[in-house]
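I have placed the structure first, in the form of structure tokens, so that the comments after it can refer back to it.
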Amino acid sequence: MADAKQAAGGGGLITTRFGNINDLFIGAGVIAVVVMLIIPLIGWMLDILMALNLIFSLLVLLTVLYSQKPTEFSLFPTVLLVTTVFGLALNVSSTRRILTKGANFDGELIKFFSDFVVGGNSENNIGIVVGFIIFIIIIAVQVVVITKGATRVSEVAARFTLDGMPVRYMAIDTEYSAGSITEEEAQRRKAEIQKESQFYGAMDGASKFISGNVKIGILITAINILGGIIVGTTIHGEGITAALKTYIRFSVGDGLLSQIPALLISTAMGIVVTRAAATGNLSEQVAEQFTISSRIYWISAAVLFCFALLPRAPLSLRVVLVLLAALMAFAGYSVGRKKKQAASFNEMMAKSKDPKKAKDDSSEMSPIVPLDALSLEIGYGLIPLVDKEKGAELLERVQGVRRQSALELGLVIPKVRIIDNMVLDPSEYCFKIKGIDVGRSKIRMGHFLCIIPGTVTEELPGDKTVDPAFGLPAQWISENRRDDAERAGYTVVDPPSIIATHLTEIIRRHAAEILGMQDTQAILDTLRKEYPAVVDEVMRPELKMPVVKIQKILHGLLKERVSIRNMVTIMEAIAEYAPLSGNVQFLIEKVRQALGSQICHQYTDENHRLRVLTIAPELEQRIIESRYETTSGVICAWDPPSAQAEWIKAVRKAAAAVRSRGYQPVILCSEQARCLVRNSTDRELPELAVISVQEITPDVIPEAVGVIRMESPSKDGGE
């Protein structure tokens with residue numbers, strides 16, 4: 001029977017009847033490394049494996065360089081062991097091949113490397129001597145400098161990490177007891193500390209692999225040379241001079257080819273253990289920490305220029321020193337300019353405050369420190385976007401977003417306070433609602449964000465990322481590639497538009513959090529000027545409709561992205577149904593029905609056709625029967641509780657099928673089930689629209705494009 005191969009659900013892995021093919025590949029690879037110590041390898045296979053060893057070592061080094069924090073590459077200790085054993089197996093195989101073949105050795109990579117380093121087949125012995133000296137120097141550097149230092153650092157890091165665990169655990173427990181963090185956050189932090197201690201403990205032991213690899217490499221090279229002379233003179237019948245040239249050349253080439261990957265790995269290990277508490281990849285850290293002050297570059301430029309003026313210095317040296325001094329001066333000027341821009345922005349923000357409201361430090365502080373309803377914090381690298389001298393393009397975009405939100409949602413967004421935050425990365429921005437972080441991302445100044453739709457005709461090179469507003473795949477390209485990207489079918493967005501679009505989506509998702517009680521009262525006061533009868537009818541004492549209840553009704557609408565611009569219709573619906581029941585959820589459903597035409601036309605096409613997903617009748621009845629009243633509203637209490645996961649799985653599957661056909665998923669159900677369906681899917685599928693049959697207006701034509709069914713049998717026997 002043929003093997004059944006299929007793609008695994010989330011990782012795109014291939015499985016067979018023997019298991020996951022990745023597991024088979026890894027297991028076979030480890031066994032093959034051990035077998036290499038016993039079974040001889042032919043020349044071309046030895047070349048391929050040595051090239052793979054070199055490339056893999058380079059990949060490990062690059063992974064370490066671009067990791068955000070040391071513990072992110074938690075597999076590193078295991079990788080050290082595997083690469084060490086793999087390199088030693090290659091050493092044994094190459095030694096066997098060199099001693100067996102002698103001058104007829106067919107390992108092309110070793111021959112090329114030895115010819116390149118030791119001077120090829122020249123008659124003199126200078127190349128061989130130089131190559132041997134280079135080999136000794138590389139070994140000495142690796143043993144004395146890198147490996148010994150990294151081993152010592154890993155020992156100290158492991159010891160201090162282990163000793164500091166109780167204190168760090170105690171600090172987390174203190175924060176949790178004070179209510180500063182949640183239980184989930186406390187558990188996450190403790191898990192990170194445990195992971196960090198295990199990582200540095202493993203690194204302490206894994207560092208011995210590198211030092212042992214270097215020592216055995218020296219021994220193998222010495223054995224190669226000594227054994228080669230014996231084999232060449234006694235078995236192959238070569239003269240002592242010819243044997244020396246042949247086997248020293250091949251042994252040194254083999255030794256260097258094996259020690260270079262070991263040097264890359266040991267360098268990667270040194271970087272990992274010395275970064276300790278650092279976060280962000282190495283390039284970001286270097287860029288940040290070497291631009292702390294411009295003074296160091298000016299001093300360096302002055303010192304280099306003074307060296308260039310020393311007497312008896314040759315002209316070529318003077319030119320080099322002057323060029324280096326000019327480069328240092330330019331770096332100092334660039335760093336100083338960025339610092340001045342940051343300082344000018346801080347001064348501008350300070351002047352923007354009302355001086356009449358400023359008080360002396362000795363004056364009393366207000367007992368209430370208000371939070372901004374919506375604020376935007378930016379790193380100093382994004383200051384040009386709000387600098388009035390440079391157009392302040394972002395400020396205009398933000399004003400446009402506020403106007404657009406007022407028209408779409410009927411909610412007047414308060415002024416967005418824009419402040420600089422030196423804690424953020426220079427290219428990072430962060431949105432906060434009443435002091436709570438609700439969205440952040442990074443911007444590359446001088447670049448465009450190219451969102452990748454399904455119609456891209458040509459793939460352009462660029463750094464992969466995701467669109468911060470919608471999470472779509474995207475990439476950064478330089479400004480001079482914009483026309484190429486547009487022709488290739490990308491959606492090209494400039495930095496101000498990225499932030500403006502993100503702000504628009506933040507407002508849509510969190511409109512209910514922005515609308516406060518004072519804002520609701522302001523809406524009612526404004527509405528009373530034009531429609532006093534409507535407001536007075538709702539606010540009659542016998543209806544018991546305080547402002548807070550009206551605010552909750554508006555919150556319920558905004559959470560599902562229903563515009564509250566038509567406040568007259570909303571208030572009339574409340575006035576009509578409030579005498580029947582004061583339940584907030586009941587009134588929300590009746591208001592939605594009054595706004596049915598507005599809601600339906602959000603999702604219809606130009607022919608007023610509404611594509612909807614329906615729910616299997618037995619499943620909908622089960623949802624209605626699971627209704628459970630709580631102090632915060634009604635919920636869907638599934639029996640058994642595990643049915644909630646099956647329900648979400650069924651909805652997600654049906655929604656994906658609808659999206660694949662180009663339609664927006666909209667669930668149509670009865671009025672009794674609508675709020676239950678919405679509440680049960682709100683956390684996992686917040687973008688899902690749920691409407692009731694009573695919200696369908698006569699001019700809308702509903703068309704069922706799918707039915708939601710649960711795959712596992714329910715207790716009632718439904719699907």
Discussion item. Given (1) farther than 13 Å from Ile506 by Cα; (2) touching a helix residue (DSSP H, G or I) at 6+ places or on another chain (Cβ under 9 Å); (3) in a helix (DSSP H, G or I), identify the lone condition not met by Ile419.
Written reply: (3)
Worksheet item: How about the range 649-696: which of its residues are over 35 Å from the mean Cα position of the chain (by Cα), closer than 22 Å to Glu629 by Cβ and either charged (D, E, K, R) or surrounded by fewer than 21 Cβ atoms within 10 Å (Cβ to Cβ) (or both)?
Response: Ser670, Glu671, Gln672, Arg674, Gln694
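Rundown of residues vs (1) assigned to a helix (DSSP H, G or I); (2) at pLDDT 85 or above, yes/no style:
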residue	(1), (2)
Gln341	yes, no
Glu347	yes, no
Ile368	no, no
Ala373	no, yes
Discussion item. Can you find, within the range 237-247, the residue that is nearest to Ile138 (Cα to Cα) among those that are surrounded by 17 or more Cβ atoms within 10 Å (Cβ to Cβ) and touching a Ser or Thr at 6+ places or on another chain (Cβ under 9 Å)?
Written reply: Ala243
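Is it the case that Arg440 is among the basic types (Lys, Arg) and in a strand (DSSP E or B)?
yes
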Discussion item. Looking for something among the aromatic types (Phe, Trp, Tyr) and within 18 Å of Pro384 (Cα to Cα) - is there at least one such residue anywhere in the range 437-448?
Written reply: yes
Fill in: Extreme residue, nearest to the chain's Cα centre (by Cα), among residues of the range 179-192 that are buried (at least 16 other Cβ atoms within 10 Å of the Cβ) and closer than 25 Å to Pro77 by Cβ
Arg189
Worksheet, complete the sentence: Of the listed residues (Leu515, Leu524, Leu472), the one being in contact with a helix residue (DSSP H, G or I) (Cβ under 8 Å, 6 or more places away or on another chain), closer than 28 Å to Leu376 by Cβ and among the aliphatic types (A, V, I, L, M) is Leu515
Worksheet item: Which of the residues spanning the range 156-206 are in contact (Cβ under 8 Å) with a residue 24 or more places away in the chain and of a type in the set (Gly, Ala, Ser)?
Response: Ala157, Ala158, Ser197, Gly201, Ala202, Gly205, Ala206
Worksheet item: So which residues in the range 567-593 are of a type in the set (Gly, Ala, Ser), surrounded by fewer than 18 Cβ atoms within 10 Å (Cβ to Cβ) and within 19 Å of Thr520 (Cβ to Cβ)?
Response: Gly582
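The values are calculated or read from the model by the stated rules, or taken from the named source; none is laboratory data. Everything quoted here is computed from the prediction, not taken from an experiment. Please note: Cβ atoms are built from the backbone with ideal geometry, for glycine as well, and neighbour counts cover all protein chains shown.
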